[in-house]
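As structure tokens, the structure follows; a few thoughts come after it.
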Amino acid sequence: DAGVIQSPRHEVTEMGQEVTLRCKPISGHNSLFWYRQTMMRGLELLIYFNNNVPIDDSGMPEDRFSAKMPNASFSTLKIQPSEPRDSAVYFCASTLDGGYNEKLFFGSGTQLSVL
Amino acid sequence: KNQVEQSPQSLIILEGKNCTLQCNYTVSPFSNLRWYKQDTGRGPVSLTIMTFSENTKSNGRYTATLDADTKQSSLHITASQLSDSASYICVVSPNDYKLSFGAGTTVTVRA
């Protein structure tokens, strides 16, 4: 299995621009998570999908952030408009069924820099 | 409030030596405790998952311990290798999907 696949690996954009991050979870996994990692705050949960349905988006920092999961094999995280404080590494992760004892598999992340 | 505290923040060890990382948590309720290894520029990779009833779990040269009474865990690396240079993150799971992440310990192994 290829694992969780994220694209792009790196994104550099200017303030105000729209940014779209993409994720393909492991085949057969029906729970998907988006996390953000910064030096100051560590790893933070942004949103959790189960069976393509958003279950908890309380971690999404502002209305500028939105996430979709149109099918079981694809999810996007969009920031519009982007701001310099959005600069971070964004990780997508998936588990088989979202059970709290299940192993969480992370993608390699997208390093976002907003200038 | 950070409910998972890791120490030390960073450490440097010589190749072949052992080291132990610490994790204290106050997360409640408690379901399991995980240790992840994160190489630079990569996503975290699971090393061990321990539930309340497990005291020790090993994964190759990595051995994790858990004392659920004192809410402490440790990760011991035996005979370190250069490839062990990474950040090690302690993660505590309550009874749902909202994991509590520690800030990590950065380990540097030098030849």
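Say we look at the range A:37-60 and pick out the residues that are part of a strand (DSSP E or B) and farther than 20 Å from residue A:102 by Cα; which of these is modelled with the lowest pLDDT?
Taking the range A:37-60 and keeping what is part of a strand (DSSP E or B), we get A:37-38, A:42-50, A:53-56.
This time we only want the ones that are farther than 20 Å from residue A:102 by Cα, so: A:37-38, A:42.
Values: A:37: 97, A:38: 95, A:42: 92.
Ranking the candidates gives A:42 first.
Looking only at the range A:105-115, filter to residues that are at the interface with chain B (Cβ under 9 Å from one of its Cβ atoms) and part of a strand (DSSP E or B); which one of those is surrounded by the most Cβ atoms within 10 Å (Cβ to Cβ)?
The initial filter retains those residues of the range A:105-115 that are at the interface with chain B (Cβ under 9 Å from one of its Cβ atoms), namely A:105-109, A:111.
Then keep just the ones that are part of a strand (DSSP E or B); that gives A:105-106, A:111.
Working: A:105: 21, A:106: 23, A:111: 16.
Looking at residues that are at the interface with chain B (Cβ under 9 Å from one of its Cβ atoms) and part of a strand (DSSP E or B), I get A:106.
Which ones in the range A:61-99 are within 14 Å of another protein chain (Cβ to nearest Cβ) and in a loop (DSSP other than H, G, I, E, B)? Before you say what the answer is, go through the steps one by one.
In the first step, residues of the range A:61-99 are kept if they are within 14 Å of another protein chain (Cβ to nearest Cβ); the result is A:88-99.
A:96, A:97, A:98, A:99, listed by residue number.
Could you list all residues from the range B:20-77 that are assigned to a strand (DSSP E or B) and of a type in the set (A, V, I, L, M)? Full working, then the answer.
Step one: filter the range B:20-77 for residues assigned to a strand (DSSP E or B), giving B:20-25, B:32-38, B:45-51, B:56-59, B:62-67, B:72-77.
If the condition is that a residue be assigned to a strand (DSSP E or B) and of a type in the set (A, V, I, L, M), then B:21, B:33, B:45, B:47, B:49, B:50, B:64, B:66, B:75, B:77 are the ones that fit.
Consider residue B:93 carefully, then state whether it is at the interface with chain A (Cβ under 8 Å from one of its Cβ atoms) and either open to solvent by less than 30 Å² (accessible area, probe 1.4 Å) or at pLDDT 95 or above (or both).
Working: at the interface with chain A (Cβ under 8 Å from one of its Cβ atoms): yes; either open to solvent by less than 30 Å² (accessible area, probe 1.4 Å) or at pLDDT 95 or above (or both): yes.
The answer is yes for residue B:93.
On the given criteria, is residue B:65 within 14 Å of another protein chain (Cβ to nearest Cβ) and surrounded by 15 or more Cβ atoms within 10 Å (Cβ to Cβ)?
Working: within 14 Å of another protein chain (Cβ to nearest Cβ): no; surrounded by 15 or more Cβ atoms within 10 Å (Cβ to Cβ): yes.
Taking the combined requirement at face value, the residue does not satisfy it.
Quick one: in the range B:1-49, which of the residues that are closer than 30 Å to residue A:10 by Cβ and without any contact (Cβ under 8 Å) to a residue 24 or more places away in the chain is farthest from the chain's Cα centre (by Cα)?
Step one: filter the range B:1-49 for residues closer than 30 Å to residue A:10 by Cβ, giving B:2, B:4, B:6, B:9-12, B:21, B:34-47.
Applying the additional criterion that residues be without any contact (Cβ under 8 Å) to a residue 24 or more places away in the chain yields B:41-43, B:45-46.
Numbers: B:41: 18, B:42: 17, B:43: 15, B:45: 11, B:46: 10 Å.
Across the range B:1-49, the extreme among qualifying residues is B:41.
Take the residues in the range A:47-57 that are hydrophobic (A, V, I, L, M, F, W, C) and open to solvent by 60 Å² or more (accessible area, probe 1.4 Å), then tell me which one is farthest from the other protein chains (Cβ to nearest Cβ). Let's see the steps before the verdict.
So the first thing to find is which residues in the range A:47-57 are hydrophobic (A, V, I, L, M, F, W, C), and the list is A:47, A:49, A:53, A:55.
The next check asks that each one be open to solvent by 60 Å² or more (accessible area, probe 1.4 Å); those that pass are A:53, A:55.
Numbers: A:53: 13, A:55: 8 Å.
Filtering the range A:47-57 for residues that are hydrophobic (A, V, I, L, M, F, W, C) and open to solvent by 60 Å² or more (accessible area, probe 1.4 Å), the one farthest from the other protein chains (Cβ to nearest Cβ) comes out as A:53.
Got a sec? Which of A:18, A:102 is charged (D, E, K, R) and either within 14 Å of another protein chain (Cβ to nearest Cβ) or on the phi > 0 side of the Ramachandran plot (or both)?
Result: A:102 is the single residue among A:18, A:102 that is charged (D, E, K, R) and either within 14 Å of another protein chain (Cβ to nearest Cβ) or on the phi > 0 side of the Ramachandran plot (or both).
I need a count of the residues in the range A:4-46 that are of a type in the set (Val, Ile, Thr), open to solvent by less than 40 Å² (accessible area, probe 1.4 Å), over 19 Å from residue A:64 (Cβ atoms) and touching a Lys or Arg at 6+ places or on another chain (Cβ under 8 Å). Full working, then the answer.
Of the range A:4-46, the ones of a type in the set (Val, Ile, Thr) are A:4-5, A:12-13, A:19-20, A:26, A:38.
In the following step, the residues that additionally are open to solvent by less than 40 Å² (accessible area, probe 1.4 Å) were identified as A:4, A:13, A:19-20, A:26, A:38.
Subset that is over 19 Å from residue A:64 (Cβ atoms): A:4, A:26.
Retained after the next criterion (residues that are touching a Lys or Arg at 6+ places or on another chain (Cβ under 8 Å)): A:4.
Residues flagged as of a type in the set (Val, Ile, Thr), open to solvent by less than 40 Å² (accessible area, probe 1.4 Å), over 19 Å from residue A:64 (Cβ atoms) and touching a Lys or Arg at 6+ places or on another chain (Cβ under 8 Å) within the range A:4-46 amount to 1.
Kindly establish whether residue A:63 is surrounded by 15 or more Cβ atoms within 10 Å (Cβ to Cβ) and either under 15 Å from the mean Cα position of the chain (by Cα) or without any contact (Cβ under 8 Å) to a residue 40 or more places away in the chain (or both). Give the steps one after another, and end with the answer.
Details: surrounded by 15 or more Cβ atoms within 10 Å (Cβ to Cβ): no; either under 15 Å from the mean Cα position of the chain (by Cα) or without any contact (Cβ under 8 Å) to a residue 40 or more places away in the chain (or both): yes.
Criteria not met by residue A:63.
Residues of the range A:66-95 being open to solvent by less than 20 Å² (accessible area, probe 1.4 Å) and polar (S, T, N, Q), which ones? Spell out the reasoning first.
Filtering the range A:66-95 for residues open to solvent by less than 20 Å² (accessible area, probe 1.4 Å) gives A:69, A:75, A:77, A:79, A:82, A:86, A:88, A:90-95.
Selection gives A:75, A:82, A:94, A:95.
Name the single residue that is farthest from the other protein chains (Cβ to nearest Cβ) among those in the range B:23-50 being among the polar types (S, T, N, Q) and loosely packed, with under 15 Cβ neighbours inside 10 Å. Break it down stepwise before answering.
Initially, the range B:23-50 is screened for residues among the polar types (S, T, N, Q), giving B:24, B:26, B:28, B:31-32, B:38, B:40, B:46, B:48.
Now restrict to residues that are loosely packed, with under 15 Cβ neighbours inside 10 Å: B:26, B:28, B:40.
Values: B:26: 16, B:28: 14, B:40: 11 Å.
It comes out as B:26.
The values are calculated or read from the model by the stated rules, or taken from the named source; none is laboratory data. Since this is a predicted model, take the numbers as computed values, not measurements. Positions of Cβ are generated from backbone atoms using ideal geometry, with glycine treated the same way; all protein chains shown enter the neighbour counts. Just the protein is used for accessible areas: all its heavy atoms, side chains included, with ligands, DNA and RNA removed. Shrake-Rupley method; radii C 1.70, N 1.55, O 1.52, S 1.80 Å.
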